[in-house]
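Heads up, the thing below is written out as structure tokens.
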Amino acid sequence: MPDNQIAGHIEQVRHQIEQSCAQYQRNPDSVTLLAVSKTKPAEAIREAWQAGQRDFGENYLQESLEKQQVLSDLDDIQWHFIGPIQSNKTKAIAEHFQWVHSVDRLKIAQRLNDQRPEGLPPLNICLQINISAEESKSGITLDELPELADIINQLPRLKLRGLMAIPAPANSFEAQRQPFAALNQALQQLQAKYPHMDTLSIGMSADMDAAIAEGSTIVRIGTAIFGARDYSQRQ
């Protein structure tokens with residue numbers, strides 16, 4: 001991607017966020033742009049950082065660790081793990097990320113807690129909800145949420161921040177809003193018990209406006225910033 005094109009794309013996405021927030025009476029500062037940088041080189045992340053972007057989402061652990069090493073001079077960068085988590089990956093995730101959006105079972109949460117280094121702040125956690133009940137997707141049901149939230153909230157090296165979901169594609173704006181509204185309602189119910197839960201990680205390029213309308217605090221945007229992905233080069 002040519003020089004400065006990433007910066008221009010970030011500006012466009014931020015403008016879209018501001019427009020959506022204005023339409024739905026939201027403060028644009030309440031929505032964080034998470035640049036999904038999976039499969040993209042460290043140079044592209046650095047260019048985005050130079051354009052003011054600080055939060056980056058990664059799905060593939062080894063690829064991400066290599067990029068983090070190259071970009072270790074960017075000490076204010078925030079790394080978010082947003083992909084499926086295998087048990088043998090939890091130690092490195094606990095050591096090298098500030099956020100994990102994809103916790104969907106107690107075993108993974110316990111391992112992240114036990115393996116989070118004591119010298120680091122608690123790891124910010126979002127529970128992944130399979131809001132559309134798709135067999136192909138990870139995540140717990142809304143019925144399972146209260147019990148898991150209660151247990152994870154007691155783990156000292158984790159900070160339970162909120163919920164994440166990737167709904168099934170919908171063919172209208174109102175249909176996009178429905179699962180996000182259900183997720184927002186679930187978060188509000190949990191906030192009565194856990195006031196520190198403040199995060200809805202919902203909304204990607206195709207449904208960002210609907211997510212912001214329903215209270216999203218983190219939108220996960222990749223292609224609109226970095227361009228199309230080439231999965232053939234991924235390790």
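Going through (1) closer than 18 Å to residue 181 by Cα; (2) modelled with pLDDT under 95 one by one, residue 145 falls short only on (2). All conditions in (1) of a type in the set (Phe, Trp, Tyr); (2) closer than 22 Å to residue 197 by Cα; (3) in contact (Cβ under 8 Å) with a residue 40 or more places away in the chain hold for residue 60, with the sole exception of (2).
Out of the stretch 147-180, which residues are of a type in the set (S, T, N, Q) and assigned to a loop (DSSP other than H, G, I, E, B)? Within the stretch 147-180, 153, 154, 171, 172 qualify.
One line per residue, one yes/no per condition, for (1) crowded, with 23+ Cβ neighbours inside 10 Å; (2) closer than 21 Å to residue 81 by Cα:
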| residue | (1), (2) |
| --- | --- |
| 174 | no, no |
| 192 | no, no |
| 210 | yes, no |
| 226 | yes, yes |
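Among residues belonging to the stretch 80-134 that are among the hydrophobic types (A, V, I, L, M, F, W, C) and modelled with pLDDT under 95, point out the one that is farthest from the chain's Cα centre (by Cα). Ranking the qualifying residues of the stretch 80-134, first place goes to 133.
Scanning the stretch 131-152 for residues that are under 21 Å from residue 60 (Cβ atoms) and either surrounded by fewer than 21 Cβ atoms within 10 Å (Cβ to Cβ) or touching a Gly at 6+ places or on another chain (Cβ under 7 Å) (or both) returns 136, 137, 138.
Tally up the residues in the stretch 153-172 that are surrounded by fewer than 16 Cβ atoms within 10 Å (Cβ to Cβ) and touching a strand residue (DSSP E or B) at 6+ places or on another chain (Cβ under 7 Å), please. Residues meeting the conditions: 0.
The values are calculated or read from the model by the stated rules, or taken from the named source; none is laboratory data. Computed from a prediction, not measured in an experiment: that's the story for all the values here. Quick reminder, even Gly has a Cβ in these numbers, built from the backbone with ideal geometry, and neighbours come from all protein chains shown.
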